[in-house]
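The values are calculated or read from the model by the stated rules, or taken from the named source; none is laboratory data. Quick caveat: nothing in here was measured; it's all calculated off a predicted structure. No Cβ is skipped: glycine too gets one built from the backbone with ideal geometry, and neighbour counts run over all protein chains shown.
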Amino acid sequence: YTIPIAREFLTELTEKHDVEDALFLVDDADDLIGGLRREGLSYRVQLHGGRNQVERVFREVQRRTSSFSNCFSHVDPVTAETWLQAHAVWWNHA
């Protein structure tokens, strides 16, 4: 591995998850490709396409989580949980 973060990431990933049959999508990240090869994991280089759609979803989840955290950082956890439960009911019936 050329970058310690890639090695640490792959080590933790393989210890915590069953990824032997997984196909990793990478975008010319040589350090990650080398690490996947060394671990014997399958990968495919994909510069555009479905990978970008997944990244957009993750960015949106991250943005919404951060926004929620900023809005409720000063309230009692019970208040935040009550709000989340009410929102879930509304969302599921909307």
Per the filter on segment 35-94, residues in contact (Cβ under 8 Å) with a residue 24 or more places away in the chain and surrounded by fewer than 10 Cβ atoms within 10 Å (Cβ to Cβ) are GLY50
Note on segment 45-78: residues assigned to a helix (DSSP H, G or I), modelled with pLDDT under 85, of a type in the set (A, V, I, L, M, F, W, C) and over 29 Å from GLU15 (Cβ atoms) are PHE68, CYS71, PHE72
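Being in the same structural domain as ARG7 (by the TED database) and over 17 Å from the mean Cα position of the chain (by Cα) narrows it down to one of ASP31, ASP27, ASP18, so name that one.
Working: ASP27 fails: over 17 Å from the mean Cα position of the chain (by Cα); ASP18 fails: over 17 Å from the mean Cα position of the chain (by Cα).
Of the residues listed, the single one that is in the same structural domain as ARG7 (by the TED database) and over 17 Å from the mean Cα position of the chain (by Cα) is ASP31.
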Tell me which residues, restricted to segment 1-44, are of a type in the set (Val, Ile, Thr) and either assigned to a loop (DSSP other than H, G, I, E, B) or over 19 Å from GLU55 (Cβ atoms) (or both).
THR2, ILE3, THR11, THR14, VAL19
